[in-house]
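> Before anything else, here's the structure in question.
The values are calculated or read from the model by the stated rules, or taken from the named source; none is laboratory data. Note that this is a predicted model, so its numbers are computed, not measured. Cβ: placed from backbone, ideal geometry, glycine included. Neighbour counts: every protein chain shown.
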Amino acid sequence: MAIWNELEGRLDSYTWDGNDFKKPRPEDLDRFEAENGLKLPDDYREFALAFGPGTFVGGWGFLTPGFPEDSRVDLGGFLKWWREAIGQDDPEARFVLFCEKEDFHGRWGWDPAVVTDPERHEYAIFLVGDHGPPIRVASGFKEFVLSYVLGGGFERQYYNDTDARGQLGEAGNIGYVQGPIDGHEG
């Protein structure tokens, strides 16, 4: 949890609607696991408890369990909607999609069949979407957030920006907004 506490200390954080921060409780994450037959990655659990659902500046939106009344932020509600939309027989229905990026046609999720660290319940993370077959982008959640999202990995991969330094630098230059993900349907 130390890595997420450190990151949280470097962020400008605020809520979508100005209300108190909404964060899932451990029992919300446990309920999601029981309902979906899947252990959430330890790093994701820690992230979800520290930040809750929301968006990093730059348009990276993250879903978490615990908000069944709002499928725009609730991981379980979104997955139900998405799997109904594409059909349970679609090969991409196996992915647990937890992240999307504003102005980009694709979502990121775990493939529970590709375990990368059994002790920490880590799974490989793939980009899934309109661009072709799923593309593996990280071996675990922490790598995805710190290297791919905030470390410039996405920009280097999709915009061929070899100078991408990412968005994580001095305190205050990035933020995390709790609330619905812009453009998210569900």
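> Search the stretch 109-120 for residues that are among the charged types (D, E, K, R) and pair each with any residue that is part of a strand (DSSP E or B) when their beta-carbon atoms are under 7 Å apart and the residues are at least 6 apart or on different chains.
Going by the 7 Å Cβ cut-off, the qualifying pairs are Asp111/Tyr123; Asp111/Ala124; Asp111/Phe126.
> I would also like to ask the following. When you go through (1) modelled with pLDDT of 90 or more; (2) part of a helix (DSSP H, G or I) one by one for Glu6, which number turns out not to apply?
(1)
> Give me the pairs, please: first residue somewhere in the stretch 89-102 and of a type in the set (Lys, Arg), second residue anywhere and surrounded by 22 or more Cβ atoms within 10 Å (Cβ to Cβ) and not in a strand (DSSP E or B), beta-carbon distance under 9 Å, and either six or more positions apart or on two chains.
Note: pairs meeting the criteria are Lys101/Val149; Lys101/Phe154.
> Restricting the stretch 93-115 to residues that are charged (D, E, K, R) and closer than 22 Å to Glu143 by Cα, which is modelled with the lowest pLDDT?
Of the stretch 93-115, the ones charged (D, E, K, R) are 94, 100-103, 107, 111.
Within this subset, residues satisfying the condition of being closer than 22 Å to Glu143 by Cα are 94, 100-102, 107, 111.
On the way: Arg94: 93, Glu100: 90, Lys101: 88, Glu102: 83, Arg107: 91, Asp111: 94.
Within the stretch 93-115, the match that is modelled with the lowest pLDDT is Glu102.
> Go through (1) hydrophobic (A, V, I, L, M, F, W, C); (2) in contact (Cβ under 8 Å) with a residue 40 or more places away in the chain; (3) part of a strand (DSSP E or B) and name the single condition Ile125 misses.
With respect to (1) hydrophobic (A, V, I, L, M, F, W, C); (2) in contact (Cβ under 8 Å) with a residue 40 or more places away in the chain; (3) part of a strand (DSSP E or B), Ile125 is out only on (2).
> When you go through (1) within 16 Å of the chain's Cα centre (by Cα); (2) modelled with pLDDT of 90 or more; (3) outside any loop (DSSP other than H, G, I, E, B) one by one for Leu40, which number turns out not to apply?
(3)
> Answer with yes or no whether Arg72 is farther than 19 Å from Pro24 by Cβ, in contact with a helix residue (DSSP H, G or I) (Cβ under 8 Å, 6 or more places away or on another chain) and surrounded by 16 or more Cβ atoms within 10 Å (Cβ to Cβ).
On the way: farther than 19 Å from Pro24 by Cβ: no; in contact with a helix residue (DSSP H, G or I) (Cβ under 8 Å, 6 or more places away or on another chain): yes; surrounded by 16 or more Cβ atoms within 10 Å (Cβ to Cβ): yes.
So Arg72 fails the test.
> Same structure, new question: Is it the case that the stretch 22-34 has a residue that's more than 16 Å from Ile125 (Cβ to Cβ), in contact with a strand residue (DSSP E or B) (Cβ under 9 Å, 6 or more places away or on another chain) and at pLDDT below 90?
For the stretch 22-34, residues more than 16 Å from Ile125 (Cβ to Cβ), in contact with a strand residue (DSSP E or B) (Cβ under 9 Å, 6 or more places away or on another chain) and at pLDDT below 90: present.
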